[in-house]
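Worksheet: the structure to be examined is printed underneath.
Only the coordinates and a few stated rules stand behind these numbers; no lab work does. Every value quoted in this text rests on a predicted model; they were computed, and no experiment measured them. Counting neighbours? That spans all protein chains shown, and the Cβs are built from the backbone with ideal geometry, glycine included.
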Amino acid sequence: MTGLAAFALSKSFVYGVGTVGMVGGFLLMVYGLRNPDGRVLSGRSGRLIYGLLAWTTGIAALSYLGMTFGVGLITVNGHEVENLRYVDWALTTPALVGEIGVLAGASRRTVVGAVVADFLMIVVGYGATVTTGAPKWLGFVVSSAFFVVLGYYLVGPFGRIAADQSFERQALFEKVRNLTLALWFVYPLVWLLGPSGVGIVDALGAAAVVTYIDVTAKTGYGILLASSQGLFDSLLDRTEATTGQSTPGD
Ligand code: RET
């Protein structure tokens, strides 16, 4: 294998691609923060959602940059564990859950319940990752139980409250909520099949899948939100205004 091919098949390369994906999402969210009014949300709630996603993509960009250079990589019982990944998840998945809660228009109390379940899922999951034997499997089961509680919040309480929102807001909520349920389900699966679980999938394969869904779950959400808000239209208008170009029919 040539040096280039070996690099393309390395975890550093995969994490480098992840870094670029997260930086892109971060820049888009910063632009959104400066233009918070849109078709679905405006003012405070617009700023809050863009802010939560800017935090999420910003932390992830730093985490992926660190992982690209091997920062926080430890070996536990013969397999490598990315500490930065769990720090990232502990700080950012609660923000993603909060974002979905704001979109639903849920009360602070309901959002806090879902955020706590999410945080415990990650912390207990980390414990399972760095232990062996019975504690590992117990940790996996407990973390998965918190995941089920989180799923309950998304479908039950959040879903009920969202039903009272405007049509556009409901549609965006449902898209994001369903995507979350489907995408997030892949994480425990990869954990189970990868080196932290039974080890059928190797470290590079697990890293590639997780990076791909991480970027979709963070930057992908940002793109979904921005397009529902009509942010790309305002971006295009600005480009037209500065270049003096206009589309036929304007
Ligand atoms: C772990 C451990 C095993 C059990 C479960 C897990 C769930 C992890 C999830 C992570 C979501 C991460 C996201 C990151 C975005 O960038 C911790 C793997 C249930 C659901 C959305």
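Taking a cut-off of 16 Å between Cα atoms, list the aspartates and glutamates near Lys136, but don't count ones fewer than 8 places away on the same chain.
Of all the aspartates and glutamates, those that pass the test against Lys136 - Cα under 16 Å, at least 8 places apart if same chain - are Glu80.
Once both axes come from the Cα atoms, what is the angle between helix 83-104 and the longest principal axis of the chain, in degrees from 0 to 90, rounded to 10?
40
Under 20 Å Cα to Cα from Lys175, which lysines show up? Leave out anything in the same chain fewer than 8 places away.
Of all the lysines, those that pass the test against Lys175 - Cα under 20 Å, at least 8 places apart if same chain - are Lys218.
Only Cα pairs within less than 10 Å get springs; with that Gaussian network setup on the chain, which residue of Ala117, Ala134, Ala163 has the largest fluctuation?
Most flexible of the set in this elastic network: Ala134.
Angle, helix 43-68 long axis vs. longest principal axis of the chain, Cα atoms, 0 to 90°, nearest 10?
40
Could you list the residues of region 1-41 with an amide nitrogen less than 12 Å from a label point located 7 Å from the Cα of Leu204 in the Cα-to-C-beta direction?
Answer for region 1-41: 1-14.
Report the Stokes-Einstein translational diffusion coefficient (µm² s⁻¹, integer) for region 125-250, Rh taken as the Kirkwood radius over Cα pairs, at 10 °C with viscosity 1.306 mPa s.
Roughly 90 µm²/s, to the nearest whole number.
In deg cm²/dmol, rounded to 500, what helix-only [θ] at 222 nm does the chain give when every DSSP H run of at least 4 residues adds -39500 (n - 2.57) and the total is split over its residues?
Details: 12 runs with 190 residues, N = 250.
For the chain, the value works out to -25000 deg cm²/dmol.
Which net charge results for the neighbourhood of Asp233, defined as the other residues with beta-carbon distances under 11 angstrom from its beta-carbon, given Lys and Arg at +1 and Asp and Glu at -1?
Its environment carries a net charge of 0.
Using only the alpha carbons of the chain, what is the convex hull's orientation-averaged projected area in square nanometres?
On the way: hull surface 64.6 nm².
For the Cα atoms of the chain, the hull's average projected area reads 16.1 nm².
Between Tyr64, Tyr126, Tyr152, where does the largest GNM mean-square fluctuation fall for the chain, given springs only between Cα atoms within less than 10 Å?
Evaluated over the chain, the most mobile residue of the options is Tyr152.
Report D for region 90-155 in µm² per second (integer): Stokes-Einstein, Kirkwood Rh on Cα pairs, 37 °C, 0.692 mPa s.
271
How large is log10 I(q)/I(0) at q = 0.14, 0.21, 0.24 Å⁻¹ when the Debye formula is applied to the Cα atoms of region 179-232, each weighted equally and without solvent?
Rounded to two decimals, the profile gives -0.44, -0.73, -0.86.
Just the Kirkwood number for region 37-116, please: inverse of mean 1/r across all distinct Cα pairs, in Å, one decimal.
With all distinct Cα pairs of region 37-116 included, I get 14.2 Å.
Per 0.36 nm of contour for each residue apart, how much would the distance between Thr239 and Val20 grow if the chain were fully extended, relative to their Cα-Cα spacing?
That pair, Thr239 and Val20, stretches by 76.5 nm at full extension.
What ranking do Thr243, Thr131 get, fewest neighbouring Cβ atoms within 10 angstrom at the top?
Values: Thr243 8, Thr131 15.
Lowest to highest Cβ neighbour count: Thr243, Thr131.
Starting at the first residue of region 225-231, write each ³J(HN,Hα) from the Karplus equation 6.51 cos²θ - 1.76 cosθ + 1.60 with θ = phi - 60°, in whole Hz, x for Gly and Pro.
5, 4, 6, 5, 6, x, 5
Could you check which residue among Phe146, Phe185, Phe119 shows the biggest mean-square fluctuation in a GNM of the chain with a 10 Å Cα cutoff?
Fluctuation is largest for Phe185.
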